[in-house]
Amino acid sequence: MRSTVHFRFVVFRPFIGEVIVGKIRSCSRDGVLVSLGFFDDILIPPHYLQDNSIFDEKEQLWYWEYESNKLFMDIGEKVRFKVKEEVFVDTSPIGPTAAASSVVASGDSNSLGDNKRKIPFLIKGTINESGLGLISWWKE
């Protein structure tokens, strides 16, 4: 039995230095996660946030302390960031024999039980430059 299938294939790979606008999806000590709607694996790590950015444990939000004002990075806010790095991770399945031998070879017993989702393509962005950050911070 044969079937003809028609589909569209979209490739997304921004270039280093490209400026993109997305929405803040969540915040954690690891940084700010940003979504473009069709792509969610964008991280702005703490060292790429504005200088004097602080994580508020109670609110679970980052804020930028600017001239004694706390400018919070609220979830859902639009953020302008620059692509700084791209990280590719091979997520190909490993057969049981290869997985067992890699655990023995590395001596890492946690590798086998690690259920954390591996992200195949992660973009790291920065907002630590003039004009970058929340859209609401800058007057047009």
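The values are calculated or read from the model by the stated rules, or taken from the named source; none is laboratory data. Nothing here was measured: the structure is a model prediction, and the numbers come from that model. All Cβ positions, glycine included, derive from the backbone under ideal geometry; neighbour counts span all protein chains shown.
Annotations for the structure displayed:
- Residue in the stretch 130-140 that is modelled with the highest pLDDT, counting only those that are part of a loop (DSSP other than H, G, I, E, B) and surrounded by 10 or more Cβ atoms within 10 Å (Cβ to Cβ): Leu132
- Failed condition for Pro93, given (1) modelled with pLDDT under 95; (2) under 15 Å from the mean Cα position of the chain (by Cα); (3) not charged (D, E, K, R): (2)
- Within the stretch 1-38, tally of residues that are of a type outside the set (D, E, K, R), surrounded by 10 or more Cβ atoms within 10 Å (Cβ to Cβ) and touching a residue at least 40 places away in the same chain (Cβ under 8 Å): 11
- The lone exception for Asn69 - which of (1) within 18 Å of Leu132 (Cα to Cα); (2) at pLDDT 95 or above; (3) not charged (D, E, K, R) it fails: (2)
For every residue, the table says whether it meets (1) touching a strand residue (DSSP E or B) at 6+ places or on another chain (Cβ under 6 Å); (2) closer than 29 Å to Pro14 by Cα.
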{"residue": "Glu59", "(1), (2)": "no, no"}
{"residue": "Trp62", "(1), (2)": "yes, yes"}
{"residue": "Tyr66", "(1), (2)": "no, no"}
{"residue": "Lys70", "(1), (2)": "yes, no"}
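- Residue ID - surrounded by the most Cβ atoms within 10 Å (Cβ to Cβ), chosen from residues in the stretch 39-56 that are among the charged types (D, E, K, R) and more than 11 Å from the chain's Cα centre (by Cα): Asp56
- Looking only at residues in the stretch 107-129 that are part of a loop (DSSP other than H, G, I, E, B), closer than 20 Å to Ile42 by Cα and not acidic (Asp, Glu), the one that is modelled with the lowest pLDDT is Lys116.
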